[in-house]
Amino acid sequence: MHLKYESQLREPLVDGVKDYHQVTEDIVRPIEAKPSKLWYIGFFVSASCLLFGVYSVYREVTYGIGQWNLNKTIGWGWDITNFVWWVGIGHAGTLISAILLLFRQGWRTGVNRAAEAMTIFAVMCAGQFPIFHMGRVWMCFFIFPYPNTRGPVWPNFNSPLMWDVFAISTYFTVSLLFWYSGLIPDFGTVRDRAKTKLRKKLYGIASFGWVGSTKHWQRHEALSLVLAGLATPLVLSVHTIVSMDFATSVIPGWHTTIFPPYFVAGAIFSGFAMTQTLLVVIRKVFNLQEYITLGHVEAMNKVIVLTGSIVGCAYLTELFMGWYSQNKYEGYTFWYSRANLFSPYGWAYWGMMTCNVLSPQIFWFRKMRRNLFVTFFMSVIVNVGMWFERFVIIVTSLYRDYLPSSWAVYYHPSIWEIGFYLGTFGLFFTCFFLFSKYFPTIAIAEIKYILKTSGESFKAKVGSIEMQGVEEFASEHAHIDGHVVAGAHSH
C-alpha cells in the first residue's frame, strides 16, 4: 500500500473525524443558516461607524482641509498615519496565500481565505486617505498621466507618492484576482447546494460555470501559481515604496536606508496580528474550531514574535544612528522628540516600544502561543502599537522643524479626522461581516486537498497502519532469525 509521507510528529491541520461531505457541511453551514443576533449587532455597529465616516468626509470635502487640525509644520497628520497603517494590515493576506503557497505550507489552508479578504478590505480603506488629503478631490485627474493641454502640468515620476498609486493599485488588483480565483470552486459547491432559484443563479454567475472537471482544476492550479508568483514581489515592493515617501526626504528621522526592510517587517507584523484578531472571532462565532486549530494560531504567533523582534532591532538601530552619526538634528529627533518620556510626544514612542517590542516576547512560551485569550489580546495590542509607530514617525519628525519661530502648537486630531478613521473601520468590518455571511470563510477545496494527509482521523489511521507494518516486519524477522539460529544449532 502506497501512503503519501506526512510526519506523524506534526499535529493535524483538521481535527475530528471528517470526510469530504462533512467538511462541506461544516463550512457552508453559516452561509445557509440565518445570521445570528451577534452578527446583526456587529453589522449595525459597523454600518453606523461607516455612516459617521461618510459624514466626516462630506465635511472635509465641502468646507476644505481646514476641518482637520493640520497646522504650519504638520501637513501630514492622522490621514497619512492611517493610510500607512491600513496598507500595513493589508500585507498578511497575500503573504499567507502567495508565499506560503509557493513553499507548499499546508497550514495556510485554514486561514488564507479570511486573510485574503482582509487584505482587499484594508487596501480599500487605505486608498481613501491620500485621495481626500488632496482637499479639492474633484481635481484628482491632474495626477493621472494622460496627454493633456495644460503644458508642463504632468505627474512627477520621480516622486514616490506617484509610485504609491501604481504599487497599491497593482497590489489590490492581483490580490483581488487571487482571492476570487480561489473562491470559484467553492462558489460551485454552494451553487449546487442552493435551495432557492435566486441563490442558485447568483452563485452560478459567481462560479463562472465551474463543474470541477480535470481541465478546470488544471487551469485553476496553473492560475493560482502564476498569481502567487506575481503577488510575492508585490508583498515586498508595496510597503518598500510606501516607506520611500519618507526615506527620500531630508527631514531628520526620515532619511534613512533602514526604512524599506523595517516597514515590510512591520507590515507583516501588523497584518498577521489583524488576521489573528479576525480568526479567533470567526472560529468561535461560526464553530470552526476543527478547521482553524490551535496549530494554526501557534504558527501565526511564531511569525508575530519573529517580525516583532525584527521591528525592535530597527528601533534600536535608529536610536544608535541618532547618537553615532553625531548629526545634532537626528539626535534631537530621536533622543529628545521621541525617546524622552517627558517630551510632548514621548508617551506615543514608549507606547509603541511597549506594544511592538516588549509585549510580543510573551510568545516565546508555547503555552502563551496556544492560549486564545492571550492571542486575541496581544493581536489588538500589536495593532495599537503599530498605529503608534506610524504616528510617531510622522508627527514627531514634523512638529518642530529647523525654524523655532514656526514650531507648531501641540497637534491633536479634530473630530472629523477621528470620524474619517472610524469610518474606515466601519467600511472594513461591514465588508467583513458581509463576506463571512455570503462567502465560505475557509477554502473548502483546499481543506479537502490536505484532509487525507493532515486530517486527525487519517493521520491516526496512517499511524496504526505503520505500527502494524512495523510489528509484522519485526515478527517476520524474528521468525527468520529463529530459523537461522535453529539451523546453526543443528549443524
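The values are calculated or read from the model by the stated rules, or taken from the named source; none is laboratory data. Computed from a predicted model, the values in this text were never measured in an experiment. Cβ coordinates were reconstructed from backbone atoms using ideal geometry, including for glycine residues, and neighbour counts include every protein chain displayed. Calculation scope for accessible area: heavy atoms of the full protein, side chains included, ligands and nucleic acids excluded. Shrake-Rupley method; radii C 1.70, N 1.55, O 1.52, S 1.80 Å.
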Next on the checklist: Could you give each residue of the range 41-55 its phi-based ³J(HN,Hα) in whole Hz, using Karplus coefficients 6.51, -1.76, 1.60 with θ = phi - 60°, and x for Gly or Pro?
Outcome noted: 4, x, 5, 5, 4, 4, 5, 5, 4, 5, 5, 5, x, 4, 5
Item to check | Selected from Ile381, Thr277, Phe429, residue furthest toward positive end of dipole (the chain; charges at beta carbon) | outcome: Phe429
Item to check | Accessible area (Å², 1.4 Å probe, nearest 10) - Thr354 | outcome: 70 Å²
Checklist entry - Met244 accessible area, nearest 10 Å², 1.4 Å probe? => result 70 Å²
Next on the checklist: Relative contact order for the chain: what percent, with Cα pairs under 8 Å and sequence separation of 6 or more?
Outcome noted: 32 percent
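Got the relative contact order for the range 183-317 handy, in percent, Cα pairs under 8 Å and 6 or more residues apart? Provide the component values of the computation, followed by the final result.
Numbers: 81 pairs, mean separation 22.4, N = 135.
Averaging sequence separation for qualifying contacts and normalising by length gives 17 percent for the range 183-317.
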Item to check | the range 17-84 and the range 319-368: distance between their alpha carbon centers, rounded to Å | outcome: 30 Å
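Sort Ile31, Ile415 from largest to smallest accessible area, using a 1.4 Å probe on the heavy atoms of the protein chains. Numbers along the way, then the final one.
On the way: Ile31 5, Ile415 95 Å².
Putting Ile31, Ile415 in descending order of accessible area: Ile415, Ile31.
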Checklist entry - Hey, what do the phi angles of the range 272-284 turn into as Karplus ³J(HN,Hα) couplings, whole Hz, using 6.51/-1.76/1.60 and θ = phi - 60°, x for Gly and Pro? => result 5, 5, 5, 4, 4, 4, 6, 5, 4, 6, 4, 5, 7
Checklist entry - So what's the range 237-293 giving for Rg/Rh, alpha carbon basis, Kirkwood Rh from the mean inverse pair distance? => result 1.29
Checklist entry - What is the Cα coordinate range of the range 311-388 on the first, second and third principal axes, sorted by size from largest, in whole angstrom? => result 46, 23, 16
Checklist entry - Toward the positive end of the charge dipole of the range 75-201, about the Cα centre and with charges on Cβ (Lys, Arg +1; Asp, Glu -1), which of Ser181, Gly93, Ala167 goes farthest? => result Ser181
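Stokes-Einstein diffusion coefficient for the chain at 20 °C in a medium of 1.002 mPa s, Rh from the Kirkwood formula over Cα pairs: what value in µm²/s?
On the way: Rh = 25.2 Å.
In µm²/s, the coefficient is 85.
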Checklist entry - Size of the range 30-114 along its principal axes in angstrom, Cα-based, largest extent first? => result 52, 37, 16
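Compute the semi-axes of the equivalent ellipsoid of the range 61-217, taking the square root of 5 times each eigenvalue of the Cα gyration tensor, and list them largest first in whole Å.
Details: eigenvalues 303, 73, 59 Å².
The three semi-axes for the range 61-217 are 39, 19, 17 Å.
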Checklist outcome for this item: Ignoring ligands and nucleic acids, Phe425 exposes an accessible area, probe 1.4 Å, in Å² to the nearest 10, of 50 Å²
Checklist entry - Helix 415-438 versus the longest principal axis of the chain: what is the Cα-based angle in degrees, 0 to 90, to the nearest 10? => result 20 degrees
Checklist entry - If we restrict to alpha carbons, what Rg and Dmax does the range 240-384 come to, in Å? => result 17.5, 57
Item to check | Scattering profile of the range 351-445 at q = 0.25 Å⁻¹ [log10 I(q)/I(0), Debye over alpha-carbon scatterers] | outcome: -1.18
Checklist outcome for this item: With the dipole of the chain defined by +1 on each Lys or Arg Cβ and -1 on each Asp or Glu Cβ, the option from Cys49, Pro155, Val242 whose Cα lies farthest towards the positive pole is Cys49
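Counting only heavy atoms of protein chains, what accessible area per residue, in Å², does the chain have with a probe of 1.4 Å? Let's see the in-between values first.
On the way: 24250 Å² over 491 residues.
The answer is 49 Å² per residue.
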Checklist entry - Taking N as the number of residues in the range 143-299, what value does Rg over Cα atoms divided by 2.2 N^0.38 Å take? => result 1.43
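Can you sort Trp107, Trp364 by solvent-accessible area, 1.4 Å probe, largest first? If you can, show how the numbers build up before the last one.
Values: Trp107 45, Trp364 160 Å².
So, going from the largest accessible area down, we get Trp364, Trp107.
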Next on the checklist: Taking the 0 to 90 degree range and rounding to the nearest ten, how far is the long axis of helix 372-398 tilted relative to the main principal axis of the chain, both from C-alpha atoms?
Outcome noted: 30 degrees
Item to check | Modelled FRET efficiency - R0 56 Å, Leu223 with Tyr336, Cβ distances, 0.05 increments | outcome: 0.55
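Which chymotrypsin sites (Phe, Trp or Tyr not before Pro) in the range 298-361 sit in a loop by DSSP (not H, G, I, E or B) and have at most 14 other Cβ atoms within 10 Å of their own Cβ? Intermediate values should be presented prior to the final figure.
Values: sites: Tyr315, Phe320, Trp323, Tyr324, Tyr329, Tyr332, Phe334, Trp335, Tyr336, Phe342, Tyr345, Trp347, Tyr349, Trp350; in loops: Phe342, Tyr345.
Hits after loop and neighbour filter: Phe342.
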Checklist outcome for this item: Between the Cα axis of helix 160-193 and the main Cα principal axis of the chain, the angle (0 to 90°, nearest 10) is 30 degrees
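Protein chains only, probe 1.4 Å: how do Glu25, Glu298 rank by accessible area, largest first?
Largest accessible area first, the residues go Glu25, Glu298.
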